[in-house]
Each structure stands twice: as structure tokens, then as C-alpha cells.
Amino acid sequence: MKSNTDLKDIANLFLKLGVIGFGGPAAHIAMMQEEVVTKRKWLTEQHFLDLIGATNLIPGPNSTEMAIHVGHEKAGWKGLIIAGLCFILPAVLITGIFAWLYKLYGQLPEVQPFVYGIKPAIIAIILGAVYPLAKKSLKSLQLVVIGVLVLACSLLSFNEIYLMFGAGIIALLLTSFKNNKNTNGFLPFPLLQVASTTLISATNVNLFWIFLKIGAVLYGSGYVLFAFLDTALVSAGLLSRQQLIDAIAVGQFTPGPVFSSVTFIGYQINGLTGAIVSTIAIFLPSFVFVALLNPLVKKMRNSKLFSAFLDAVNVASVAIIVSVCFSMGKDTITDWRTIAIAVLSIILTFGYKKINSAFIVLGGSLLGYLLTLI
């Protein structure tokens, strides 16, 4: 039986990560890796990698699902709920405040100078976390080749979920042939299909079903979320495209999961109750999927065939994180100021490993603000 101390530790950790978790899923996972593997030793590096691979195989926000996985590993179903809620709550509250101000004044407050310095610092944190994960995941020449191929395809904008399943299935088949076994016992994971929904009115019931559906089928980044929301809400006349762009912007520059954009959208459509209903609906599938998937991860690791599948998915996950990091760098490191912040953050991340990533994020933000004054 898990103690209340475990639950308190989980709550404290994920509330903190929810407050300082700028930079998107790759950065969130990097911070979790530092906290739960390096500092607290709650999970081994291998098991943490396996959970990253598992979150990439199911729909929903990866970093939120990682938080839920970690909570489940530490304290069972109570830990699962507390970790997920504590990670989501800060983002939802902050986004809710922005939603209220936006509805009141019709525009967002000026935060760009602070975001300017956060992004280069975040890249250093991601690189610092992905390095040990890459060393752990590249166990053989076969996995190195798979990793390089996935990285190349990811940089060419191939769909992430195809790369994940493709890498896993290739490794599974190769291992099967090596062991002279057939794969008759292999059952592919069911693929969820998106059913199109025609919205009749902007009621909370409609909002709940719209966002429940999106939470249950959406793979990928905030840009994929943007496309789903554009189809479901803008095309139906429930939201203007400018409101949607502003909602995604809020999700990007506030800490925590970008799915908190939905809180902003729900508030614009139907006030406080709309925000609450929309938020519950989009995150609910993640809790259900992780609860169902978590017990299977260790079973997969104990099977030779599925272990090969998991190893390849882990390598693909690392390759995609590297690809995300490259894309972020290309978009954000554009002048001498951002280069200086990125270099300094990398030196601190790799040279002084005991420095908490929160200080690097906050330092990058402050430095970005000060340098824009020059």
C-alpha cells in the first residue's frame, strides 16, 4: 500500500513541473527525466525510456501521459490521478486567467520579450536529457540504423505515429526472423478512426463530445491540435480563426501542456462552465489510456519479440525528440542574443548537472528580456 508521503511527493513534484514546464512536450519530458530518474531514482533510465515509447503509441499529450505513468509507477491509481491533475492544473489556471483577460480586453498581454529567452534555454535542457536516453537506447547497430532513418524521416516531416509503429514493426519482424519464429501471435495495436461530428450549438454537451473525441484520437504536436480545432470549431462558426490562433499562442507561451489552449477556447465559447467542461473532456482519454497501457509495458519488456518492438520505439522516440529540438533551434536561434542564451544554457546544463532546470528556464527568460532592451 502506498503511503501519503508518496502522494505528497508526487503532488509537489508535478505541481512544480506544471508551473515551470515551458517549451512543449520534449522539454517537459526532459525535466521529468532529471527529476524522477537522475535526482529521485523513482524509475530506471530503461523503464523511463519504455514509458516514453508507450506514450508515443497512444493518442493525447505525451508529457501529460508521462506524468500520469510516473504517478502510477510511484503510487498506483491514486498516484496516476494526482500526478496528472497536478501537472495539468497550473497550465489550466494560468490559461483561464488569460482567457478572462482576453474576453475582457480583446487582446493578449505582452509576453514576447520573456518567451524570446525561454526557447533557446529550453533547447539546452532537452539536449541534456536526450543525451543519456540516446546512449541507453542505442543498444545495437540495428537500433542505430533505425534511429538514423527515423531522424531523417522526421526532419523530412513524416508523420510521427507512422515512424513509431514502423520502427517497432521492423524491429519485431527482424527479431522474429533471427529467432526463426513466426509472428502469428502478434496482434497489431488497434488504430482509432476519427469520426466527423457536425456541431449544432455551442452547448457544454457539444463541447464535451468535441473535445473528448479530439483527446481520444489526436497524435502529434500543437500544430496538429490547431488543425483539428480549425475543422471542428472555426469551420462550424463557433470560433474565429484569430481567436483560435490566440488560443494556441497562449498554450505555447504558458507552462504545462499545450492542450490547455482548450481551456481558453471553452471560456470564449461558453464562459467558465465551457472552460471546465472542455478541459475535462480533452484530458480524460489520457488518464484512461495510461491506466490501460501501463501494466502492459513491463509485460512487453519481458517478451523477447515485444522487447525488440519497444527498443525500436524508444530509439524512434529519441530520434523524434532530436528532430523537434533541431526544428525549435532553427526557428528560435536566429540572432546573437538567442545564440548567446543557447550557448550559455548548454554550458550550464552539461557542465553543472546539479543545477535545477527551473533556474535555466527562468534565467533564459530574464536574460531574453534584458537583451531585448539593448
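The values are calculated or read from the model by the stated rules, or taken from the named source; none is laboratory data. Fair warning: this is a prediction, and the values are worked out from it, not measured in the lab. In this analysis, Cβ positions are derived from the backbone assuming ideal geometry, glycine residues included, and neighbour counts consider all displayed protein chains. Ligands, DNA and RNA are stripped out before the accessible areas are found, and what is left, the full protein with its side chains, is counted by its heavy atoms. Shrake-Rupley method; radii C 1.70, N 1.55, O 1.52, S 1.80 Å.
A few points about this structure:
- Listed residues Ala91, Ala30, Ala291, most fluctuating in the chain (Gaussian network, C-alpha, under 10 Å): Ala291
- Cross-link pairs beyond the 18 Å C-alpha cut-off, checked among Lys39/Lys353; Lys213/Lys299; Lys16/Lys39; Lys41/Lys299: Lys213/Lys299; Lys41/Lys299
- Three-way shape call for segment 223-334 based on the alpha-carbon gyration tensor, with the a/c threshold at 1.5: oblate
- The convex hull around the C-alpha trace of the chain, projected and averaged over every direction, spans 19.3 square nanometres.
- Accessible surface of segment 51-171, 1.4 Å probe, proportion on carbon and sulfur as whole %: 71
- Helix-only [θ]222 nm of the chain, DSSP H runs n ≥ 4, -39500 (n - 2.57) each, per residue, nearest 500: -25500 deg cm²/dmol
- Virtual spin-label span in nm between Lys299 and Phe326, 7 Å along Cα→Cβ: 3.7
- For segment 209-309, the Cβ-based charge dipole about the Cα centre amounts to some 600 debye (Lys, Arg positive; Asp, Glu negative; other atoms uncharged).
- Greater than 32 Å apart at Cα, pairs in Lys8/Lys103; Lys135/Lys304; Lys74/Lys178; Lys178/Lys330; Lys8/Lys330: Lys8/Lys103; Lys74/Lys178; Lys178/Lys330; Lys8/Lys330
- Model label points for Arg40 and Lys354, set 7 angstrom from Cα along the Cα-to-Cβ axis, are 2.1 nm apart.
- A straight Cα-to-Cα reach below 16 Å connects Lys78 with the aspartates and glutamates Asp6, Asp9, Glu65, residues fewer than 8 places away in its own chain not being considered.
- Heavy atoms of the protein chains alone define the surface here; on that basis the chain has 47 Å² accessible area per residue at 1.4 Å probe size.
- Most mobile of Cys86, Cys153, Cys325 in a GNM of the chain (Cα contacts under 10 Å): Cys153
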